[in-house]
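*Asks:* Structure below; questions to follow.
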Ligand SMILES: Cc1cc2nc3c(=O)[nH]c(=O)nc-3n(C[C@H](O)[C@H](O)[C@H](O)COP(=O)(O)OP(=O)(O)OC[C@H]3O[C@@H](n4cnc5c(N)ncnc54)[C@H](O)[C@@H]3O)c2cc1C
């Protein structure tokens, strides 16, 4: 969610309903429809068809596996080429996808972006300028968003419920905030995106934890530590002692939050706003094939081959000159057998609940942080402060980030979401003192078992995009990058350029 770090609490009261990972709401009947989406849905079909061979063959020049931000950004590079992009889900966008109910659209994952300093990577900036999404503002020296309807206004931005305290933001009056700001000051403006541009002199910060770094600078209070952990979970999927110092410092200093109002952009469809514009650049939307999972990839003497499994159960063999693998890397060892050990990432499991309500609920702010002792529930976003919605509904989008070892419990929620959903609504009501349940019309639950790679010490890679060979190149945030739109986009653009160069180079060598 939002990151406004340089600020000015103390006591942490505890009144959560959370018990373990399940909100307690035993036996309550829910009077609204619940829809559960899960990226595990292909598993059953994959097992059932494991020994079934492809029945048809197709040829193209390039294959892109995965239609998240990285895969789609790679497609913009290949726009003049013959390519096919395969996405396992029923929609494009990955963790930046959107969904809708009746007339109301909402983000099922990533939902905001912030203005960019001039020092950020020029490739992504150039694409966003070409898409007419951003322009340079010489007064603020930032690339800002052109669609001003989706800028969240400062006075409606944020509130934080911390036990019995209502704060203007997570870090307000935290114990030791001045020491924290002082420790981070030298890094302001030095933390670029993509992270491959971060100077060598700062790369040592990748080797230690954020907690160890801060404890080396000043006496870190339990209060400050908990609030930093909340913010780390919110963006990096793990707490202060698990993420690297570089990831932590980057969060607070990559934009000039201390001196400027950095524009925050959040469209109704969240970051699908960006992917939809990218897809709009291409003249061949039929090249994006959803409901199709790439179950295996292999290199041949003169190219690559991929077996794709369609949701209707049919299997095709697709031949190409080159392939970009922009799917999550935890499953890679099953898809490209030789890549058993390249990516040793840890992933944070997330749950996103879009609670669609009839008009009438009044939360004063867009972002509502709720700090509970367990730090699994990460508050909710209130769409009514986002922009004027021409809809009879408002959407309250709530987030949970779980520990890796709790991933299995998501399956229980997937099978029986009623109690969890009702418990979450009760938790929001209790923490904020605002009645919600009578207004709820529909709830979308998005289960993301491997939502984002965790930037643990040693995780970030400052190299070019990794590749298996000249013909198989990797993209995606889980190639040693931070889980952010800008990183995903940059990795896709880099991978697109790399595969094009490699294939052209191979062709020239053959002549
Ligand atoms: C809940 C949440 C909120 C976030 N909020 C923000 C935010 O507000 N701002 C921000 O900048 N970042 C945010 N992020 C991070 C950001 O969304 C991601 O870093 C970025 O979208 C990742 O893009 P990607 O393309 O690397 O990967 P993914 O989005 O994971 O895309 C990978 C895609 O590949 C597909 N796939 C995988 N394997 C296969 C296969 N074998 N065959 C076919 N398809 C396959 C998957 O279905 C998926 O669609 C958030 C992330 C989460 C989880």
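*Asks:* Taking 0.36 nm per residue of separation and subtracting the Cα-Cα distance, what length does fully extending residue 241 through residue 296 add?
*Replies:* Full-extension gain reported as 16.1 nm.
*Asks:* Between the alpha-carbon centers of the range 121-164 and the range 486-504, tell me the distance in whole angstrom.
*Replies:* Value for the Cα centre distance between the two parts: 25 Å.
*Asks:* How much FRET efficiency would the formula 1/(1 + (r/R0)^6) give for residue 312 and residue 461, where r is the Cβ-Cβ distance and R0 is 35 Å, rounded to 0.05?
*Replies:* Approximately 0.35, to the nearest 0.05.
*Asks:* If you don't mind, there's one more thing I want to ask. Pull out the extension gain between residue 155 and residue 434, defined as 0.36 nm times the separation in residues minus the alpha carbon to alpha carbon distance; nm, one decimal.
*Replies:* Details: separation 279, 0.36 × 279 = 100.44 nm, distance 1.99 nm.
The residue 155-residue 434 span can extend by a further 98.4 nm.
*Asks:* Also, quick follow-up: Antiparallel versus total DSSP beta bridges in the chain: what percent is that, nearest 5?
*Replies:* Percent antiparallel among DSSP bridges in the chain is about 65.
*Asks:* Among 144, 215, what is the fewest-to-most ranking by other Cβ atoms within 10 Å?
*Replies:* Going from sparsest to densest Cβ surroundings: 215, 144.
*Asks:* Give the shape of the range 113-265 as rounded, prolate or oblate, defined through the alpha-carbon gyration tensor: a ≥ b ≥ c are the square roots of its eigenvalues, a/c under 1.5 means rounded, and otherwise the shape is prolate if a/b is larger than b/c and oblate if not.
*Replies:* Oblate shape, in that a/c is at least 1.5 and b/c is the bigger or equal ratio.
*Asks:* Show that you can apply the helix-only estimate: for the chain, add -39,500 (n - 2.57) for every DSSP H stretch of four or more residues, divide by all residues, and state [θ] at 222 nm to the nearest 500.
*Replies:* -7500 deg cm²/dmol
*Asks:* If you stretched the chain out fully between residue 364 and residue 138, how much longer would it get, using 0.36 nm times the residue separation minus the C-alpha to C-alpha distance? Provide the component values of the computation, followed by the final result.
*Replies:* Working: separation 226, 0.36 × 226 = 81.36 nm, distance 3.23 nm.
Full extension from residue 364 to residue 138 adds 78.1 nm.
*Asks:* So, in Å, what gap is there between the alpha-carbon centers of the range 215-230 and the range 40-63?
*Replies:* Taking the Cα centre of the range 40-63 as reference, the centre of the range 215-230 is 49 Å away.
*Asks:* Related question: Based on the Cβ-Cβ distance from residue 178 to residue 100, what FRET efficiency comes out when R0 is 41 Å, to the nearest 0.05?
*Replies:* Numbers: r = 45 Å, r/R0 = 1.10.
Using R0 = 41 Å, I get an efficiency of 0.35.
*Asks:* Can you sort 296, 59 from fewest to most other Cβ atoms within 10 Å of each residue's own Cβ?
*Replies:* Values: 296 16, 59 12.
So the residues, fewest neighbours to most, are 59, 296.
Bear in mind these aren't lab numbers, they're just calculated from the coordinates by the rules spelled out. Note that the structure is predicted; figures quoted are calculated from it, not measured. All Cβ positions, glycine included, derive from the backbone under ideal geometry; neighbour counts span all protein chains shown.
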